[in-house]
1. Just from its helices, what would the mean residue ellipticity at 222 nm be for the chain, if runs of 4 or more DSSP H residues each count -39500 (n - 2.57) and the sum is divided by every residue, rounded to the nearest 500 deg cm²/dmol?
2. Most mobile of 11, 151, 22 per a Gaussian network model of the chain (Cα springs, under 10 Å)?
3. Which angle between 0 and 90 degrees, to the nearest 10, do you get for helix 166-177 versus the longest principal axis of the chain when only C-alpha atoms count?
4. Could you check which residue among 99, 125, 82 shows the biggest mean-square fluctuation in a GNM of the chain with a 10 Å Cα cutoff?
5. Between the range 113-166 and the range 51-100, how many Å separate their Cα centres?
6. Can you tell me, using C-alpha contacts under 8 Å and at least 6 residues apart, the relative contact order of the range 58-178 as a whole percent?
7. Cα-based count: Lys pairs in the chain below 17 Å, eight or more positions apart or different chains?
Amino acid sequence: MKLAKLPFCFSTVAYIFGVFLSTIYLNKNKISLLTFGEDIHLNTGIFIPVVLNNLYTVSLTILGGFVMATLTTLELVYNGAIIGGLLVILPGNVFVTFILPHAIFEIPAIIIAGAAGFKIPCEVIRYLMGRKEQVLTRHDIREYFTMALISVVLMVIAAWIEANVTLRIAREMLNSTS
């Protein structure tokens, strides 16, 4: 299946814009995190809340396409800004340990969800410009749902890693410093 290049480009640019926006703002205003790890509650039963939060994020990003991608764009910039902010305020080793393991799956999931959210508006615009005869083809709909499904699966994997693997790493780090 040929991937929707334009929606992926829009999605990636919006996410990266959020990352840059927050890093520039936080660096300019000298915001930092002085202490980290003192108030971490290592709750082992967090998978369901994490997966629900992740699925909420992906749902808003995907369904934002039905309002000409305004919600999709906002979600992408917002989630990019969160990562950018964490890059600035967390020490490098903390970022790598606590964020990177699940972000490897979560960031692509958000970008793919964004591509799904941009898919329908892009096809509507192509139709209005006379570049296609039908607003949405079977192929367009199949591509939309494929991207949506891939992003959901990646988010569930990210939530499992965040709730299980990251917590184990955190416990080990905190126990070794105590």
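Readers should treat all values here as calculations from the given coordinates under stated rules, not as data from a laboratory. All of these numbers come straight from a predicted model, not from anything done at the bench.
1. Values: 7 runs with 132 residues, N = 178.
The per-residue figure over the chain is -25500 deg cm²/dmol.
2. 22
3. So the inclination is approximately 20 degrees.
4. 125
5. Spelled out, the Cα-based centre of one part sits 16 Å from the other.
6. Normalised by residue count, the contact order of the range 58-178 is 34 percent.
7. Working: 2/119; 2/132; 5/119; 5/132; 119/132.
Count of close lysine pairs: 5.
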